[in-house]
Amino acid sequence: MAKSKYLMFLGCAIPYRVAAFEVSARKILGKLGVELVEMPEFNCCGLPLDPVSHEMMLILAARNLALAEQKGLNIITLCPGCAGTLKKVNKMLKEDKALRDEINCHLKEAGLEFKGTVDAKHLIQVLIEDVGLEKVKDSVVKPLTMLKVAEHNGCHILRPKELIGFDDPEDPKTLKTLIEATGATCLDYMDETECCGAPSVGVNDKIALQLARDKLNHIKTVDAQAMITICPFCHIMYDTNELRIEKMFNEAYGIPVLHYPQLLGLAMGMKPEELAFNELRVDVSKLLKQVEGGA
Amino acid sequence: MTEAVQRPIKSSEIDSKFKYEISKMHGGEKLMRCFQCGTCTSDCPIARFSDTYRPRQIIRMTQLGLKDRVLNSDTLWLCASCFTCTDRCPQDVEVASVIRVLRNLAAERGHVPQVFKEQCSSILESGYAYKIPELRLKKRETLGLPPLPKGNPESLGKTLRTVHFLKHVEKKGE
């Protein structure tokens, strides 16, 4: 299967409120020669409904995989939740014939069938495995050596380890490597792999925001100029909610939160406007001046 | 689950078959391996900020057969599904999956936070878990993004026809 052509699986959170991630990801992928084909039709990956019905999650995920199989294309996602779910279900159904038959009974009602012939990968997995680090590095024309940033992977691109099988959940390296490819320094900090809290929003907002605040505190302590995320939900927790957290806990962070493709895009020489920087909530003007000034 | 612990346990509320019921379900198979080391609770990001959410306690109550206490508890819904407990459990209990099995059973009883019903009804209607505002769709054009793929509610509905949980959702959505 062609390694430079993918079916783009947007998920729900990105079209709902995280446009900057999509805009910047499409820009950098275009520059790296990755061709994107839109999904023929869409349904949620299934992850949000796993807590209420595992069966429904399996059907929703399998349905997307079956649609991708019809197109004969591997899936790329920007959301780790979608990537994790599609990957997990793909593996489960491939390995468990009884489960596959059961889910296929449901899909058959709509004339679909899961066969297990495509892969699903998150953006950073595509960058590191298919595009390749060298090509990413070669695309950098304006190294961001003036920046010291902190990474945040999010949970579902890494866990549960046995089903996801990507990177090391206790010490993930891929995002760091990709950040360093832009010339920026990636700082270590306490509890780097800790959850952002997003899944608890709607059930208990206070706990969710306390978790996000904890991480912002750690990042502030190491003087990171920005936080780099690869998940729409994590981004909402730290960028959209940063002001809310500041008010709630009487703190001042002012830490810009960029989507990784925005960082790479800057290093590729793209303008902040092209990368939808104006969609971000936290003020990025100081950061962009530092990038412009080169010091 | 503090409130549940403080209330004395009566032998009549113990369902000794509950653990076997859970162990037969996909994701709950390894429930009985738990030896209560507490790694799950000490590593749980939610437990750090919640006074009541303790995964070890949920597992133990399940092993003990305190079915109604576990399934009717709001605490069950605090899990963020980060899978840290699953990855670090020395007994490979798959704690997060056991909790998911319990939540699925609670949901079957209709005991489920509103947010899940809303997401479910939105998916049935449009394919997307959230109702994407018209403004956002228009903005896609301004931002140079391609039109969003549409859902196929009819086809989706066919595949989900027999899913039990929908009985708690469809009434609300219509």
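The values are calculated or read from the model by the stated rules, or taken from the named source; none is laboratory data. Since this is a predicted model, take the numbers as computed values, not measurements. All Cβ positions, even for glycine, are placed from backbone atoms using ideal geometry, and neighbour counts span all protein chains on display. Just the protein is used for accessible areas: all its heavy atoms, side chains included, with ligands, DNA and RNA removed. Shrake-Rupley method; radii C 1.70, N 1.55, O 1.52, S 1.80 Å.
For this structure, a couple of remarks:
- Some residue of the range A:275-291 being on the phi > 0 side of the Ramachandran plot and either modelled with pLDDT under 95 or in the same structural domain as A:Glu180 (by TED's automatic domain parsing) (or both): yes
- Residue in the range A:70-84 that is least open to solvent (accessible area, probe 1.4 Å), counting only those that are assigned to a helix (DSSP H, G or I) and closer than 23 Å to A:Gly111 by Cβ: A:Lys71
- Which numbered condition B:Pro90 fails, given (1) open to solvent by 20 Å² or more (accessible area, probe 1.4 Å); (2) touching a Phe, Trp or Tyr at 6+ places or on another chain (Cβ under 7 Å); (3) at pLDDT 95 or above: (2)
- Within the range A:114-139, the set of residues being hydrophobic (A, V, I, L, M, F, W, C) and crowded, with 16+ Cβ neighbours inside 10 Å comprises A:Phe114, A:Val118, A:Ala120, A:Leu123, A:Ile124, A:Val126, A:Leu127, A:Ile128, A:Val131, A:Val136.
- Complete set of residues in the range A:42-73 that are farther than 22 Å from B:His164 by Cα, of a type in the set (Gly, Ala, Ser) and more than 10 Å from every other protein chain (Cβ to nearest Cβ): A:Ala68, A:Gly72
Yes or no, residue by residue, for (1) within 16 Å of A:Met146 (Cβ to Cβ); (2) under 19 Å from the mean Cα position of the chain (by Cα); (3) touching a residue at least 12 places away in the same chain (Cβ under 8 Å):
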| position | (1), (2), (3) |
| --- | --- |
| A:Glu246 | no, no, no |
| A:Glu251 | no, no, yes |
| A:Gly254 | no, no, yes |
| A:Pro261 | no, yes, yes |
| A:Gly269 | yes, no, yes |
| A:Ala276 | no, yes, yes |
| A:Leu288 | yes, no, yes |
| A:Val291 | yes, no, yes |
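- Test: residue in the range A:246-253 that is under 20 Å from A:Leu178 (Cβ atoms), out of contact with any Ser or Thr (no Cβ under 7 Å at 6 or more places or on another chain) and open to solvent by less than 70 Å² (accessible area, probe 1.4 Å): no
- Verdict on B:Leu156 being part of a helix (DSSP H, G or I) and within 7 Å of chain A (Cβ to nearest Cβ): yes
- Counted as qualifying within the range A:172-282 are the helices (runs of 4 or more DSSP H) with 1 or more residues that are within 14 Å of chain B (Cβ to nearest Cβ) and hydrophobic (A, V, I, L, M, F, W, C), namely A:205-221, A:232-235, A:242-249.
- Looking across A:Gly154, A:Gly116, one residue alone is on the phi > 0 side of the Ramachandran plot, more than 13 Å from chain B (Cβ to nearest Cβ) and part of a loop (DSSP other than H, G, I, E, B). It is A:Gly116.
- Top-ranked residue of the range B:58-74 - restricted to ones that are open to solvent by 10 Å² or more (accessible area, probe 1.4 Å), under 23 Å from B:Pro113 (Cα atoms) and modelled with pLDDT of 95 or more, ranked as nearest to the other protein chains (Cβ to nearest Cβ): B:Asn72
- Taken over the range B:27-57, residues that are in contact (Cβ under 8 Å) with a residue 60 or more places away in the chain and not in a loop (DSSP other than H, G, I, E, B) amount to 2.
- Taking the criterion of being assigned to a loop (DSSP other than H, G, I, E, B), at the interface with chain B (Cβ under 9 Å from one of its Cβ atoms) and surrounded by fewer than 24 Cβ atoms within 10 Å (Cβ to Cβ), the residues of the range A:2-41 that qualify are A:Met39, A:Pro40, A:Glu41.
- Residue within the range A:224-243 that is over 26 Å from A:Glu273 (Cα atoms), of a type in the set (Ser, Thr, Tyr) and either at pLDDT 95 or above or crowded, with 19+ Cβ neighbours inside 10 Å (or both) present: no
- Filter result for A:Lys220 (farther than 28 Å from B:Thr75 by Cα, over 14 Å from the mean Cα position of the chain (by Cα) and in the same structural domain as A:Val149 (by TED's automatic domain parsing)): yes
- Here B:Arg103 passes the criteria (1) assigned to a loop (DSSP other than H, G, I, E, B); (2) open to solvent by less than 30 Å² (accessible area, probe 1.4 Å); (3) free of Cβ contacts under 8 Å to residues at least 40 places away in the same chain except the one numbered (1).
- Count of the range B:46-57 residues which are open to solvent by 30 Å² or more (accessible area, probe 1.4 Å) and either within 14 Å of another protein chain (Cβ to nearest Cβ) or within 19 Å of A:Lys215 (Cβ to Cβ) (or both): 5
- Scanning the range B:118-131 for residues that are crowded, with 19+ Cβ neighbours inside 10 Å and facing another protein chain (nearest Cβ under 8 Å) yields B:Gln119, B:Cys120, B:Ile123, B:Gly127, B:Tyr128, B:Ala129.
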